[in-house]
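K.L.:
Sharing a structure below in structure tokens format, with a few things to ask.
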Amino acid sequence: MFVMSTGAIFFLTALLAALAALLVSAARSLRGPVSRRRVEEFAKLHWLPVTAGNGNQIIAYRATTRRWRAAGLLLSLGVQAVAGDGLSIQFWWVLAGWFAGAIVAELRVAHLGRAPRAAASLARRQIADYLPAAGRWAVPAAVTACLVVALTEAVRAHTDPDQSIDVGALALWTVLGVTVGMLTLASQRYVLRRPQPHAEPDRLAADDAIRSRSMHVLAGAGMTLVLYCVLGQLTAAGSLTRPTTALLLLGNPLAGRVLAYWPWSPARPHLGPHQAAA
Amino acid sequence: MIVEVDQDSPVPPYEQVRAQIASMIGTGALPAGTRLPPIRQLAADLGLAANTIARSYRELESAGLVTSRVRTGTTVAAQVRRNARTSTAADTQRLLVEAARGFAATTRRLGIADADALAAVTAELQRVESESSA
């Protein structure tokens, strides 16, 4: 008869409680109102003064992104519960569901409305205005790592047939990693190109902060997912070491979290001296 | 630098955009070397088709006001602002036409009657004349 120790019961209870809290929080995100604290957090991350003009813009953005990310996460958990064996939950799929929701959210975010007389700035928008260098290079670097690992392990499998390398799984993880990376870069480009008609300075500042937030989240989540694919590649190739596992399993999501919530004040080249002073 | 497009104006949108950018270049508000936004960006921001902005840029390029390169995009041309000694009669005529087009587009956009617009030009010319003779 299988008897659980007190420590194991405590650990399992804590795990189930955390999962329940996550589910309740995600379910509430689908419908609940955006709290003032969330708006203040957003404003603080981007040094954005919240005004009567841009307050609703931020709330609408937070509500849309939160709803779709939570929906992606819940859908992923649901699919795993139905298709998986028992109660096992794979973090990769949870993050992938959340990431898919984040991308859909970006397609659904409302952009600034146009006045009857359309106006626009002649300043170029560049990703560097919205993301620090680390954010710009995180995903391309992760994709490069994915390709390098694929190439190295493929060469190893070819030169030494005795190695127990699951070539099929290696190829699958490579394709997944590159696809996620390309999807992330395409989404960032989409966010950059989202229309920005000329509007009041506070609303333009909020729009820039929204773009910056979206790009940060996409960069952090995209990099983490691609590096999880690298973890999958190394597992398939049987060349996973303990430090690499720790780095990719724990350090990777931490780095993604730090990157996603890195404070950043977007450059606002469209504001002339007169408007900047206002 | 802000560009405006009035959809109700009889002046076509490409001409409105072209005239405003040409005017900014002519006055030096857009100095040589300034990179203009990509066609898609400006088109999306103004709610116009990319072809409309592409036509504006093409006309600016054929007037020698901007240059287009694959890598750097569209930039304000370096030889736009010539002084009186080096500019040719053709340059002067071109700049005059640019200024007139910009003025006409602005007049149409603001819905000003032709007589009032011409009166404003005459008054301004007289003011400049009196200042220079004083």
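The values are calculated or read from the model by the stated rules, or taken from the named source; none is laboratory data. Fair warning: this is a prediction, and the values are worked out from it, not measured in the lab. Cβ placement follows ideal geometry from the backbone for every residue including glycine, while neighbour counts extend to all protein chains displayed.
K.L.:
Hey, does segment A:183-195 have a residue that's over 25 Å from residue A:99 (Cα atoms) and within 14 Å of chain B (Cβ to nearest Cβ)?
P.N.:
Within segment A:183-195, none of the residues are over 25 Å from residue A:99 (Cα atoms) and within 14 Å of chain B (Cβ to nearest Cβ).
K.L.:
On the given criteria, is residue A:246 among the hydrophobic types (A, V, I, L, M, F, W, C), over 19 Å from residue A:92 (Cβ atoms), away from chain B (no Cβ under 14 Å) and free of Cβ contacts under 8 Å to residues at least 40 places away in the same chain?
P.N.:
No.
K.L.:
Quick check: is even one residue across segment A:162-173 of a type outside the set (A, V, I, L, M) and within 15 Å of residue A:92 (Cβ to Cβ)?
P.N.:
Within segment A:162-173, one or more residues are of a type outside the set (A, V, I, L, M) and within 15 Å of residue A:92 (Cβ to Cβ).
K.L.:
Separate question: Is one or more of the residues making up segment A:218-226 touching a residue at least 12 places away in the same chain (Cβ under 8 Å) and more than 21 Å from residue A:65 (Cα to Cα)?
P.N.:
yes
K.L.:
Now for a different question. Search segment A:116-134 for residues that are more than 7 Å from every other protein chain (Cβ to nearest Cβ) and farther than 17 Å from residue A:201 by Cβ and pair each with any residue that is aromatic (Phe, Trp, Tyr) and part of a loop (DSSP other than H, G, I, E, B) when their beta-carbon atoms are under 7 Å apart and the residues are at least 6 apart or on different chains.
P.N.:
Final answer for the pair search is A:132/A:262; A:132/A:264.
K.L.:
Now for a different question. When you look at residue B:3, is it at negative phi and assigned to a strand (DSSP E or B), yes or no?
P.N.:
Numbers: at negative phi: yes; assigned to a strand (DSSP E or B): yes.
Against the criterion (at negative phi and assigned to a strand (DSSP E or B)), residue B:3 qualifies.
K.L.:
Any residue at all in segment B:101-112 that's loosely packed, with under 12 Cβ neighbours inside 10 Å, of a type outside the set (Phe, Trp, Tyr), more than 19 Å from the chain's Cα centre (by Cα) and not in a helix (DSSP H, G or I)?
P.N.:
No, every residue in segment B:101-112 fails to be loosely packed, with under 12 Cβ neighbours inside 10 Å, of a type outside the set (Phe, Trp, Tyr), more than 19 Å from the chain's Cα centre (by Cα) and not in a helix (DSSP H, G or I).
K.L.:
Please report, ordered by residue number, the helices (runs of 4 or more DSSP H) entirely within segment A:1-91 with at least 1 residues that are at pLDDT below 85.
P.N.:
Working: elements: A:6-31, A:36-45, A:55-83.
So the answer is A:6-31, A:55-83.
K.L.:
Working only within segment B:17-40, note down all residues that are in contact (Cβ under 8 Å) with a residue 40 or more places away in the chain and either within 11 Å of chain A (Cβ to nearest Cβ) or in a strand (DSSP E or B) (or both).
P.N.:
B:20, B:21, B:25, B:30, B:34, B:35, B:36
K.L.:
Oh, and also: Which residues, taken from segment B:1-15, are within 9 Å of chain A (Cβ to nearest Cβ) and of a type in the set (Asp, Glu)?
P.N.:
Scanning segment B:1-15 gives B:4, B:6, B:8.
K.L.:
Among the residues of segment B:1-29 satisfying the criterion of being under 14 Å from residue B:57 (Cα atoms) and of a type in the set (S, T, N, Q), which is surrounded by the fewest Cβ atoms within 10 Å (Cβ to Cβ)?
P.N.:
In this case the residue turns out to be B:23.
K.L.:
Please work out which one of (1) away from every other protein chain (no Cβ under 14 Å); (2) of a type in the set (Val, Ile, Thr); (3) in contact (Cβ under 8 Å) with a residue 24 or more places away in the chain; (4) surrounded by fewer than 18 Cβ atoms within 10 Å (Cβ to Cβ) is the condition residue A:144 fails and give its number.
P.N.:
Unmet for residue A:144, out of (1) away from every other protein chain (no Cβ under 14 Å); (2) of a type in the set (Val, Ile, Thr); (3) in contact (Cβ under 8 Å) with a residue 24 or more places away in the chain; (4) surrounded by fewer than 18 Cβ atoms within 10 Å (Cβ to Cβ): (3).
K.L.:
Another question, if that's okay. I'd like the full set of residues that are of a type in the set (A, V, I, L, M, F, W, C) and within 14 Å of another protein chain (Cβ to nearest Cβ), limited to segment A:196-243.
P.N.:
A:199, A:204
K.L.:
Still on this structure: Within segment A:108-122, does at least one residue satisfy the condition of being part of a loop (DSSP other than H, G, I, E, B) and modelled with pLDDT of 90 or more?
P.N.:
yes
K.L.:
State yes or no: is residue A:139 in a helix (DSSP H, G or I), over 22 Å from residue A:211 (Cβ atoms) and β-branched (Val, Ile, Thr)?
P.N.:
no
K.L.:
Right, another one. In this structure, does residue B:65 turn out to be surrounded by 18 or more Cβ atoms within 10 Å (Cβ to Cβ) and facing chain A (nearest Cβ under 9 Å)?
P.N.:
When the stated conditions are applied, residue B:65 does not pass them.
K.L.:
While we're here: Can you pull out every residue in segment B:41-53 that is within 11 Å of another protein chain (Cβ to nearest Cβ), in a helix (DSSP H, G or I) and in contact (Cβ under 8 Å) with a residue 24 or more places away in the chain?
P.N.:
Across segment B:41-53, the qualifying residues are B:42, B:46, B:53.
K.L.:
Also, quick follow-up: Within segment A:179-194, is even one residue under 30 Å from residue A:26 (Cα atoms), surrounded by fewer than 17 Cβ atoms within 10 Å (Cβ to Cβ) and in contact with a Lys or Arg (Cβ under 8 Å, 6 or more places away or on another chain)?
P.N.:
yes
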